[in-house]
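Asks: Below are the structure tokens for one structure; questions will follow.
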Amino acid sequence: MSRICLIVCVALMLQVCQAYYGHYEHFPSSNPDEFAAHPWNYVYNPSARVPGHQFEGRVINRQQPSSYPLWKHSADNEVGDGEVESRLFNRLTANLLNAGFFSNRFGNNVGNGKPVQNSRPFSQINKWIPLTVNPDFPSVISKFESCTTFSEEEGICVPGAACSLFGGRPTGSCGLKSVCCINAVSRCGTTITLNNTYWQPPVTLGSSCSLTIKLDEGLLEQPKEISQIRLDFTSFSISQPNAEGNCATDVFKVIGADNVVPAICGDNAGQHMYLNVPSRGPLRSGKAVNTQPSKEITLNFEFGALSTAARMWNIQISMLPKGASFLAPPDCLQYFAAARGRISSFNWQDVETTTTRQLNNQNYNICFRTEEIERKRASEMCLSVCPVKNGGDAFSITTPTAATNPAAALANAQAAADAAAVTVAEETVTAAQDALATAQTDVTTAEEAVAAAEATLAEQEANLAAAGETLTQAQVDLTTAQAALEAAGEEPPAELIQAVTDAEAAVAEAQAAVDAAQAAVNPAEVAAAQETLTAAQTALVDAETAVTTAEENLALAQAAATDSANAAAAASDSASLFGAVGTVFTAAPADGVTTATCLYDYLLISGGRDATNIEADRYCGNELNPAGSAGQAVSVPVCTPIKSFRITYRTDGTEGEVVEGLNTIPAPADELNTGFCLVYQEK
């Protein structure tokens, strides 16, 4: 036993000596928000469909050097608190004695998946040599500290044998007999307890895949109570949402966190999340009293059967201890600790798209640490849309439509009025054409009546003339008979007397025929028919004039309707390019309908204002602009002086139409939104 104690004392002395040896060459360290993770046992990790960005997440798929001389590099990460994303420096520590030389299995069998003996002959030696661990500063004899390798992967400092024990990959040196151990799991349904673990998909995926993060201060690898978990999506690609914005095929969910974590899908490489660990019970004699000895947070993927997406992910799981200065505020899902950077909504990418990329049911805060600018604390933060190179839309949150844009609403109202005028004009033309047809029929009828009357009159006059001629001939015959009778003397023959009698009868009959023919002749009927014809002809002219006028009015109405329809279309197109602010818009000039704008989906920037001090809190549409009730067709920088700096992103559960109801303001359907990408700058 004395020999073992001597060995331990020597190890402690050497560790202390090494800690003060000032000539170790540290691993090169860049922005810890840009790193690559390719654990040795990760077989399949293709690049994301869409490349990452220098401000967002980490640079993925960097080639890994094959070896690092242990005598040349030290993996201790001493990034200062003022540097970008310094939340991971000097993380979890446990004293060297607890690190467990001699058969220490860490109490969790992580990495090997096999039953082990629980022999810990020196697990209580720390009681004899009490040590204090400050999560913000390194301890010269602590283990399970975070370390960053030359390839910018993050691991934990443990003895080499321990690294091999739980299946890690030793990369670089942390000091005496300690290595920077990179730990990765590529299984579903497993449980982890180690800090800086990378979770990657197995070769074959089922309908779901989950990983449980077990948090227990009683575990040797968790000597401090864990307050937060940070997830860094080095790569993340599953199926896109449907047209409604719902993750209907594939979805990623977090279960058990103390904060609300939205379900996400699509492409999220470079994004991150902070998960608040449920608080533990009160302390009693230095130990936590809790009916639940441990807390668990589960990461869960659910996969639909109809997806053709190449599902991939590489998620770094960082455990942040209670009391550390690099913790995120408790109500912030994302936290940025740099004076300048880029933020984007989940699934936003700089790509041309004809589908919805904005996710439904998002409601979270994005927070920013107040940085020091030129030796002064920043007094404001400004946001502007990201530059895009591949056809993406940097700001697209519930694009306003004609229903929510005054100019478009007026244009649509005018177009509707002009369309109604066209309908009236068309009806007028139809009526005039019907009247013209009637007039034409009346004229034809009148003309036929006149012709008939004239024909009758001509016939009657011909009959009168014939009767007159007959009368004249009868009179001539009578005169001849009378002359013959006188010439016969006093005793004329009987036949002469009879001839005179017959002639007189013929004259009388002819006179009667003339009188009848004279009575039948009626010029008044012809005159009346002529008057009817004249009236019909006048009505026909009037009908023709009415038709001409109606057709001219129809042409004018059609031209006006075409112009107003084009204006309405242009206004509607313009509306889709406009930004919007506020919550509702009442189309008083049009129909008086109150319609939601930035009420259901919006980006909240408290105290946001442009360079002219026009202020607005809620932003949606296709442009980031606080100007006016309907915004402007151009994005401008928006600044806020309200600290602590944060913005809130919220979407409801649908991109479809919101129907008016009791206490429900209607909103038009609006698909094809993509979310937002903003560059922030503290000043």
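The values are calculated or read from the model by the stated rules, or taken from the named source; none is laboratory data. No experiment lies behind these values; they were computed from the predicted model shown. Reconstructed Cβ throughout: ideal geometry from the backbone, glycine too, with neighbour counts over all protein chains shown.
Asks: Mind checking which residues of segment 370-390 are more than 16 Å from SER635 (Cα to Cα) and touching a residue at least 40 places away in the same chain (Cβ under 8 Å)?
Replies: Once the filter is applied, which keeps residues that are more than 16 Å from SER635 (Cα to Cα) and touching a residue at least 40 places away in the same chain (Cβ under 8 Å), segment 370-390 yields THR370, GLU371, GLU372, ILE373, ALA378, SER379, GLU380, MET381, ASN390.
Asks: Every residue in segment 289-309 that is polar (S, T, N, Q) and either loosely packed, with under 12 Cβ neighbours inside 10 Å or modelled with pLDDT under 85 (or both), please. Please lay out each step first, then the result.
Replies: Quick first cut of segment 289-309, residues polar (S, T, N, Q) only: 290-292, 294, 298, 300, 307-308.
Of everything in segment 289-309, those that are polar (S, T, N, Q) and either loosely packed, with under 12 Cβ neighbours inside 10 Å or modelled with pLDDT under 85 (or both) turn out to be ASN290, THR291, GLN292, SER294, SER307, THR308.
Asks: So, one more: So how many residues does segment 593-621 have that are within 22 Å of GLU671 (Cα to Cα), over 22 Å from the mean Cα position of the chain (by Cα) and in a strand (DSSP E or B)? Break it down into steps so the answer makes sense when it comes.
Replies: To start, the set of residues in segment 593-621 that are within 22 Å of GLU671 (Cα to Cα) comprises 593-604, 618-621.
From the residues that got through so far, the ones that are over 22 Å from the mean Cα position of the chain (by Cα) too are 593.
Now narrow it down to the ones that are in a strand (DSSP E or B): none.
Final tally of qualifying residues: 0.
Asks: While we're on this one: Is there any pair linking a residue in segment 249-263 that is under 23 Å from GLY206 (Cα atoms) to one that is among the polar types (S, T, N, Q) and assigned to a loop (DSSP other than H, G, I, E, B), with Cβ under 7 Å and at least six apart or on different chains, and which?
Replies: THR249/SER239; THR249/SER307; ASP250/SER239; ASP250/SER307; PRO262/ASN361; PRO262/GLN362; ALA263/ASN361
Asks: Can you tell me which of ALA505, ALA449, ALA453, ALA484 is over 27 Å from VAL526 (Cβ atoms) and in contact (Cβ under 8 Å) with a residue 12 or more places away in the chain?
Replies: Being over 27 Å from VAL526 (Cβ atoms) and in contact (Cβ under 8 Å) with a residue 12 or more places away in the chain holds for just one of ALA505, ALA449, ALA453, ALA484, which is ALA484.
Asks: Quick check on my filter: what residues within segment 501-538 are in contact with an Asp or Glu (Cβ under 6 Å, 6 or more places away or on another chain) and farther than 30 Å from LEU478 by Cα? Don't jump to the end; show me each part of the working.
Replies: We begin by selecting, within segment 501-538, every residue in contact with an Asp or Glu (Cβ under 6 Å, 6 or more places away or on another chain); these are 503, 521, 526, 533, 536.
The answer is VAL526, LEU533, ALA536.
Asks: Being part of a loop (DSSP other than H, G, I, E, B) and buried (at least 22 other Cβ atoms within 10 Å of the Cβ) narrows it down to one residue among LEU624, LEU672; which is it? If you could, list the steps in order and put the result at the bottom.
Replies: Details: LEU672 fails: buried (at least 22 other Cβ atoms within 10 Å of the Cβ).
One residue alone meets the criteria, LEU624.
Asks: Anything in segment 145-184 that is within 18 Å of LEU231 (Cα to Cα) and in a strand (DSSP E or B)? List them, or say none.
Replies: SER146, CYS147, THR148, GLU154, GLY155, ILE156, ILE182, ASN183, ALA184
Asks: Now for a separate question. Looking at segment 627-653, which of its residues are surrounded by 14 or more Cβ atoms within 10 Å (Cβ to Cβ) and modelled with pLDDT under 90? Lay out the reasoning, then the answer.
Replies: Kept after step one, since they are surrounded by 14 or more Cβ atoms within 10 Å (Cβ to Cβ), are these residues of segment 627-653: 627-633, 635-641, 643, 645-652.
Of everything in segment 627-653, those that are surrounded by 14 or more Cβ atoms within 10 Å (Cβ to Cβ) and modelled with pLDDT under 90 turn out to be ALA627, GLY628, SER629, ALA630, GLY631, GLN632, ALA633.
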